[in-house]
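Everything below concerns the one structure shown next.
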Amino acid sequence: MGKENETQSGFSETTSLIDFLYIDEARVDSLISQLRNGTLRSVTRTVGTSEGSSLSGKGNLQIASGKIKHENKSKESAAEKYDPYHNKIIQLLQDLSLSVQDSIEGIYSGRLVNLRGKVRIRDIQSIKALFPLMLKNQKLFGVTKAIVQTLKGISDFVQVLNDSIELSVELQDGIRISGNLKENGLSVRQADLARTYGAELPGEWYVMGILDYTPRQNRAFTGPKIQSIENIIDQYTDTVRALYSESAYSIIPVLIFREIN
């Protein structure tokens with residue numbers, strides 16, 4: 001087992017705000033519905049009031065990011081509808097109470113974890129567009145004749161990759177964990193992330209997700225004889241996987257967030 005801190009739920013009780021960089025809404029709703037027999041969509045509160053009155057109060061973590069709709073029902077009462085928004089995610093973290101892990105070891109299979117470490121996000125689509133631009137404007141990018149052929153080879157290779165968003169989490173023990181992100185799950189466009197921060201995001205981040213131990217499969221072509229189409233597809237798939245990442249651990253990310261001080 002990896003090192004586990006005493007801190008539960010991924011952040012301290014005194015934290016005022018949480019910055020969510022990535023949310024897999026479908027998986028979040030699935031986990032909440034299994035724990036609470038349904039996913040909260042809205043909260044309606046009826047309060048006594050008089051016509052023309054207003055309610056105010058200090059915001060807190062529970063409703064800071066929510067939407068409030070005020071409807072006058074009569075001179076005696078009104079209904080306030082709250083969109084739980086990120087509050088339901090914070091409640092999910094508290095319900096799960098996952099210990100924050102700075103390191104891991106051993107074999108994991110389908111384990112829900114909350115990791116803390118350095119996060120890198122690589123946008124394959126932007127890289128694919130960059131190489132042809134560099135080759136077309138060699139003087140502008142300082143490309144010498146000695147490396148042109150190398151760049152062309154790398155460019156040809158990159159062009160066949162899928163337009164995926166690659167995630168890499170590096171823990172304190174040096175272990176790297178790889179994964180993929182859904183574009184619609186990011187709160188910031190992947191191109192903007194690269195332009196603002198580069199590959200590595202500043203500071204430490206929490207990554208909650210489903211962790212698996214996925215060591216490399218040493219499948220080698222046995223010769224010109226094709227054993228089966230399945231065999232060829234498996235060898236090709238394992239080769240592509242190894243080209244994307246050398247990590248023996250993979251994660252299906254559900255949340256990526258950090259504390260705001």
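The values are calculated or read from the model by the stated rules, or taken from the named source; none is laboratory data. Everything numeric in this text was worked out from a predicted model, so none of it was measured. So basically every Cβ, Gly included, is an ideal-geometry build from the backbone, and we count neighbours across all protein chains shown. Ligands, DNA and RNA are stripped out before the accessible areas are found, and what is left, the full protein with its side chains, is counted by its heavy atoms. Shrake-Rupley method; radii C 1.70, N 1.55, O 1.52, S 1.80 Å.
Do you know which of the residues in segment 1-18 that are among the charged types (D, E, K, R) and surrounded by 13 or more Cβ atoms within 10 Å (Cβ to Cβ) is modelled with the highest pLDDT? Don't jump to the end; show me each part of the working.
Keep residues of segment 1-18 that are among the charged types (D, E, K, R), which gives 3-4, 6, 13.
Keeping just the survivors that are surrounded by 13 or more Cβ atoms within 10 Å (Cβ to Cβ) gives 3-4.
On the way: Lys3: 52, Glu4: 49.
Ranking the candidates gives Lys3 first.
If you scan segment 65-96, which residues turn out to be open to solvent by 50 Å² or more (accessible area, probe 1.4 Å) and modelled with pLDDT of 65 or more?
Hits for segment 65-96 are Tyr85, Gln91, Gln94, Asp95.
Taking the conditions exactly as written (in contact with a Leu (Cβ under 6 Å, 6 or more places away or on another chain), crowded, with 17+ Cβ neighbours inside 10 Å and under 30 Å from Arg258 (Cα atoms)), does Ile175 satisfy them or not? It would help to see each step written out before you state the result.
Values: in contact with a Leu (Cβ under 6 Å, 6 or more places away or on another chain): no; crowded, with 17+ Cβ neighbours inside 10 Å: yes; under 30 Å from Arg258 (Cα atoms): yes.
No: the conditions fail for Ile175.
Can you tell me which residue in segment 19-47 is surrounded by the fewest Cβ atoms within 10 Å (Cβ to Cβ), limited to those that are modelled with pLDDT of 90 or more and part of a strand (DSSP E or B)?
Going through the qualifying residues, I end up with Asp19.
Criterion first (in contact with a helix residue (DSSP H, G or I) (Cβ under 7 Å, 6 or more places away or on another chain) and charged (D, E, K, R)) does Glu166 satisfy it? Don't jump to the end; show me each part of the working.
Working: in contact with a helix residue (DSSP H, G or I) (Cβ under 7 Å, 6 or more places away or on another chain): yes; charged (D, E, K, R): yes.
Yes.
State the number of residues belonging to segment 190-205 that are closer than 14 Å to Asp123 by Cα and exposed (fewer than 12 other Cβ atoms within 10 Å of the Cβ).
As a first pass, look at segment 190-205 and keep what is closer than 14 Å to Asp123 by Cα: 190-201.
Remaining after also requiring exposed (fewer than 12 other Cβ atoms within 10 Å of the Cβ): 192, 195-196, 198.
Residues in segment 190-205 being closer than 14 Å to Asp123 by Cα and exposed (fewer than 12 other Cβ atoms within 10 Å of the Cβ): 4 in total.
Please pick out the residue among Ile154, Ile107, Ile124, Ile147 that is under 24 Å from Ala191 (Cβ atoms) and more than 21 Å from the chain's Cα centre (by Cα).
Details: Ile107 fails: under 24 Å from Ala191 (Cβ atoms); Ile124 fails: more than 21 Å from the chain's Cα centre (by Cα); Ile147 fails: under 24 Å from Ala191 (Cβ atoms).
Exactly one residue qualifies, and that residue is Ile154.
Which of the residues spanning segment 149-172 are open to solvent by less than 60 Å² (accessible area, probe 1.4 Å), of a type outside the set (Gly, Ala, Ser) and at pLDDT below 80?
Answer for segment 149-172, where residues must be open to solvent by less than 60 Å² (accessible area, probe 1.4 Å), of a type outside the set (Gly, Ala, Ser) and at pLDDT below 80: Leu151, Val158, Leu161.
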